1. Working only within region 176-194, note down all residues that are out of contact with any Gly (no Cβ under 6 Å at 6 or more places or on another chain), under 10 Å from Leu80 (Cβ atoms) and in contact (Cβ under 8 Å) with a residue 12 or more places away in the chain.
2. Can you pull out the residues in region 33-64 that are surrounded by fewer than 21 Cβ atoms within 10 Å (Cβ to Cβ) and over 13 Å from Ser135 (Cα atoms)?
3. Does region 107-124 hold any residues that are at pLDDT below 85 and either in a loop (DSSP other than H, G, I, E, B) or not hydrophobic (A, V, I, L, M, F, W, C) (or both), and which are they?
4. Conditions first: (1) at pLDDT 85 or above; (2) among the polar types (S, T, N, Q); (3) over 15 Å from Val11 (Cβ atoms). Ser152 passes all but one, so which condition is the exception?
5. What about Ala41, is it among the aliphatic types (A, V, I, L, M), under 14 Å from the mean Cα position of the chain (by Cα) and closer than 20 Å to Ser152 by Cα?
6. Can you tell me which condition Gly164 does not meet? The list is (1) modelled with pLDDT of 80 or more; (2) surrounded by 14 or more Cβ atoms within 10 Å (Cβ to Cβ); (3) under 27 Å from Gln29 (Cα atoms), and all the others hold.
7. Would you confirm whether or not region 126-136 contains a residue that is farther than 18 Å from Leu61 by Cβ and touching a residue at least 40 places away in the same chain (Cβ under 8 Å)?
8. Could you list, in sequence order, the residues of region 76-106 that are of a type in the set (Gly, Ala, Ser) and either surrounded by 15 or more Cβ atoms within 10 Å (Cβ to Cβ) or at pLDDT 80 or above (or both)?
Amino acid sequence: MWHSYLNGILVAFGLIMAIGAQNAFVLAQSLRREHHLAVAALCVFCDALLVTLGVFGLATLLAQSPLLLGIARWGGAAFLLYYGALALHRAVRPQSLGQEQDSGPRSRRAVLLSALAVTLLNPHVYLDTVLLIGSLGAQQAVPGAYALGAASASLMWFFTLALGAAWLAPWLARPATWRLLDLLVAAMMFSVAAQLLIPN
């Protein structure tokens, strides 16, 4: 159980730590202290829901088809290796995170609708949560523990951004910080890919 839980944390952290529209939005709202906790909670809820649908929907499907299980195993490993290679490439040429600048305060409703758009209208969200994390979770010994681990990673990451944005901002402006994060992402992705490719 703990092994599946840890795998869920590692995979989810590796996917959500990269600079992206969702992270940039959460950071921008956090730096402005504009409904930042609500935004973080919404992002966590969406991630947890999508991961759970992916893990348990695909788990049932894969259990009925050894062919699909093999495709998911090798396809998931290939994607993880590719994603790890991209992270290594970014580590060679790191970039800082540019913060969004908005004109004035917005209502909670407007901010949350924007957060939903950034989260759910991004096709990479479905690729990461439903397809990749879901297919990997469907192959775990305890899929529920894996899904919980992925949700825990999302919870820790987004609330760290929301609560620590002012403290993190100077660090996130440094390319060296993203070099280190990308190296960690690559290590996580390669580690989980090896677990898929090397039988126990």
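The values are calculated or read from the model by the stated rules, or taken from the named source; none is laboratory data. Fair warning: this is a prediction, and the values are worked out from it, not measured in the lab. We place every Cβ from the backbone using ideal geometry, glycine too, and count neighbours over all the protein chains shown.
1. Our first condition is that a residue be out of contact with any Gly (no Cβ under 6 Å at 6 or more places or on another chain); within region 176-194, this holds for 176-184, 187, 191-194.
With under 10 Å from Leu80 (Cβ atoms) added as a condition, the list becomes 191-194.
Selection gives Ser191, Val192, Ala193.
2. Arg33, Glu34, Leu37, Ala38, Ala41, Leu42, Val44, Phe45, Cys46, Ala48, Leu49, Gln64
3. Initially, region 107-124 is screened for residues at pLDDT below 85, giving 118-124.
Once the filter is applied, which keeps residues that are at pLDDT below 85 and either in a loop (DSSP other than H, G, I, E, B) or not hydrophobic (A, V, I, L, M, F, W, C) (or both), region 107-124 yields Thr119, Leu121, Asn122, Pro123, His124.
4. (3)
5. Numbers: among the aliphatic types (A, V, I, L, M): yes; under 14 Å from the mean Cα position of the chain (by Cα): no; closer than 20 Å to Ser152 by Cα: yes.
No: the conditions fail for Ala41.
6. It fails just one condition, (2).
7. Checking region 126-136: at least one residue is farther than 18 Å from Leu61 by Cβ and touching a residue at least 40 places away in the same chain (Cβ under 8 Å).
8. First, pick out the residues of region 76-106 that are of a type in the set (Gly, Ala, Ser): 76-78, 84-85, 87, 91, 96, 98, 103-104.
Matches in region 76-106: Gly76, Ala77, Ala78, Gly84, Ala85, Ala87, Ala91.
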